[in-house]
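*Asks:* Structure incoming, see below.
Any read-out appearing in this document is the output of simple, stated calculations on the displayed coordinates, not a laboratory observation. Computed from a predicted model, the values in this text were never measured in an experiment. Here the Cβ positions follow ideal geometry from the backbone for every residue, glycine too, while neighbour counts run over all protein chains shown.
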Amino acid sequence: MTIALRFAALCVLALSLAACNDPRTEIAAPEPVALSEEAVGHYCNMTILEHTGPKAQIHLAGNLHPIWFSQVRDGIAFIRSPEEHQQIAVVYVNDMGKAENWDFPGNDTWIDAERAWFVIGSQKTGGMGTPEVIPFGVEESASAFATENGGMVVRLAEIPDAYVLGPTGLDQETANPVTGAIQ
């Protein structure tokens, strides 16, 4: 190998390594966006502020505007749906342990869904009147909520697909509150 080829190869290697360590090549997750009158639910096409309870906002890679969900359950259904193929940058949900009001959790309660603890199968319903996935930033807050309202505490990956993708409105006396299966 000639000296010129070796030099060229070393230059390419050096540039490649420099690019790997360049912080500008890392993609940072966008910050949560404050709810406004313009926030419309992805599935319901209704103004998000018209619905009570926790909400979700999903940021897709390359999209400046989040996709809004009237219920956290719907946001998780979106990320679990086999029809959705977008690259998700981050999912934010309301930390109901920080929310001063169940109906309107506020704009300063957003947390990354990957870090949240969720209560499923509780007596509380979401903004669309269906079973909800209720997020908390601290496990102890989720456990206290589950003790008071029923349900179980899980992490995002532990939420059964059937809970978010399954049918709603089943006879609550015969349906399993977590899987939706008729007992």
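*Asks:* Checking the a/c ratio against 1.5 first, then a/b against b/c, what shape does the Cα gyration tensor give for segment 80-138?
*Replies:* Details: a/c = 1.90, a/b = 1.31, b/c = 1.45.
Oblate.
*Asks:* Out of residues 5 or more away from His42 or on other chains, whose amide H comes under 5 Å of its own, with H placed 1.01 Å from N in the peptide plane?
*Replies:* The list, which skips near neighbours in sequence, is Trp68, Phe69, Ser70.
*Asks:* While we're on this one: Taking amide H atoms as placed 1.01 Å from N in the peptide plane, list the residues 5 or more away in sequence, or in a different chain, whose amide H sits under 5 Å from that of Val90.
*Replies:* Sorted by chain and number, the residues that satisfy this are His59.
*Asks:* When a footprinting reagent is the concern and you count Cβ atoms within 10 Å, what order do His85, His59 take, fewest first?
*Replies:* Working: His85 6, His59 20.
Fewest-to-most Cβ neighbours within 10 Å comes out as His85, His59.
*Asks:* Same structure again: Measure off 7 Å from each Cα along the Cα-to-Cβ vector at Glu83 and Glu114, then give the distance between these two points in nanometres to one decimal.
*Replies:* 2.7 nm
*Asks:* At a Förster radius of 30 Å, what calculated FRET efficiency corresponds to the Cβ-Cβ distance of Tyr43 and Val138, to the nearest 0.05? All intermediate terms of the calculation are to be shown ahead of the outcome.
*Replies:* Numbers: r = 29 Å, r/R0 = 0.96.
After rounding to 0.05, the efficiency reads 0.55.
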